[in-house]
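Participant: Can you read through this structure? Questions will come right after.
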Amino acid sequence: MMISSGLDKGFSMIWAIVKLNLMFIAFTILGGVFFGIGPAFQTISDLIQENQLDYRESSWRLGFDRWKANFIKGNIHFYLFSALFALVSYNLYLSTGLQGLLWLVIDFILLFVGLLLFVYYLYMLMNESSYELSLINLLKLSFVSIFLNFGVFLKIILGLVGIVLFTFSMKGLLVFGSFSLMVLWASFVSRKNRELIDGKLTYEG
């Protein structure tokens with residue numbers, strides 16, 4: 001009985017991850033990719049925050065409703081992040097052709113900033129799912145969230161790198177898990193940080 005229950009729970013978790021990833025791809029395509037990817041990321045973040053890995057509660061209808069509600073904000077947040085990330089990436093590309101210890105240090109700093117921006121965006125997704133905030137306050141809260149615990153930041157980075165490397169070796173994960181796993185991993189690792197923030201916001205309120 002215990003083995004059966006464990007298997008059922010395991011398969012339910014796997015199907016929830018697959019379902020969320022399929023939603024991400026479907027809603028991204030629905031928005032013509034360019035206008036769909038931001039709202040799709042926000043939608044799976046919303047569903048994870050609301051329903052965890054309960055695939056029954058995270059229905060396609062609910063996902064579509066969240067995608068429509070997230071359409072404008074999701075695109076603003078995603079392309080704000082994308083513009084900053086593109087700027088850092090372009091500078092990193094320019095600096096790779098230079099030599100010397102100073103430029104090696106600059107490359108390291110730019111790489112770190114790029115990783116920090118990606119974690120920043122994930123925090124924006126999770127905070128947007130949890131609170132009703134203006135863009136400025138969302139940016140502030142997400143920035144503060146990163147530095148609450150540097151160990152959590154490193155865990156998120158290591159997990160994301162692992163997911164990317166695993167995806168390179170198993171391309172099918174792009175369809176069945178990579179994107180939902182990124183958001184899920186960030187949500188799981190940072191849960192104590194967000195509980196701390198939630199407690200402070202509740203207390204101040």
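The values are calculated or read from the model by the stated rules, or taken from the named source; none is laboratory data. Quantities reported herein were computed from a predicted structural model and do not represent experimental measurements. Glycine gets a Cβ as well: all are built from the backbone with ideal geometry, and neighbour counts include every protein chain shown. Each accessible area value is taken on the protein alone, full model and side chains, heavy atoms only, with ligands, DNA and RNA left out. Shrake-Rupley method; radii C 1.70, N 1.55, O 1.52, S 1.80 Å.
Participant: Ignoring the sites themselves, what is the longest stretch of the chain with no GluC sites (Glu not before Pro) in a DSSP loop and at most 16 other beta-carbon atoms within 10 Å?
Facilitator: Values: sites that count: Glu57, Glu132.
The reported range is 58-131.
Participant: Let me confirm the definition first: pairs of Lys residues in the chain, 8 or more apart or on different chains, C-alpha distance under 21 Å. How many are there? Can you show the working numbers first?
Facilitator: On the way: Lys9/Lys19; Lys19/Lys68; Lys19/Lys171; Lys73/Lys140; Lys140/Lys192; Lys140/Lys200; Lys155/Lys192; Lys192/Lys200.
Total qualifying Lys-Lys pairs in the chain comes to 8.
Participant: Scan the chain and report its longest stretch carrying no trypsin sites (Lys or Arg not before Pro) that are both in a DSSP loop and have at most 10 other Cβ atoms within 10 Å. Display every interim value, and only then the final one.
Facilitator: Working: sites that count: Arg56, Lys171.
The answer is 57-170.
Participant: Given a 1.4 angstrom probe, I'd like the percentage of the accessible area of region 48-205 that is carbon and sulfur, rounded to a whole number.
Facilitator: On the way: 6810 of 9620 Å².
Percent of accessible area from carbon and sulfur atoms in region 48-205: 71.
Participant: Once the other residues with Cβ under 10 Å from the Cβ of Leu53 are scored (Lys, Arg +1; Asp, Glu -1), what is the net sum?
Facilitator: Details: positive: Lys9, Lys19; negative: Asp54, Glu57.
Net charge around Leu53: 0.
Participant: Name the residue from Ile29, Val119, Asn51 whose Cα lies farthest towards the positive end of the charge dipole of the chain, charges +1 on Cβ of Lys and Arg and -1 on Cβ of Asp and Glu.
Facilitator: Selected residue: Ile29.
Participant: Which whole-number value in Å² is the accessible area per residue of the chain, probe 1.4 Å?
Facilitator: Details: 12040 Å² over 205 residues.
Value for the chain: 59 Å² per residue.
Participant: Assuming a ≥ b ≥ c are the square roots of the Cα gyration tensor eigenvalues, decide whether region 62-205 counts as rounded (a/c under 1.5), prolate (otherwise, with a/b larger than b/c) or oblate. Walk me through the intermediate numbers first.
Facilitator: Numbers: a/c = 1.66, a/b = 1.38, b/c = 1.20.
Here region 62-205 falls in the prolate category.
Participant: From the helices alone, meaning DSSP H stretches of at least four residues, give me the mean residue ellipticity at 222 nm for the chain, per-run term -39500 (n - 2.57), in deg cm²/dmol to the nearest 500.
Facilitator: On the way: 10 runs with 171 residues, N = 205.
Mean residue ellipticity, 222 nm, calculated: -28000 deg cm²/dmol.
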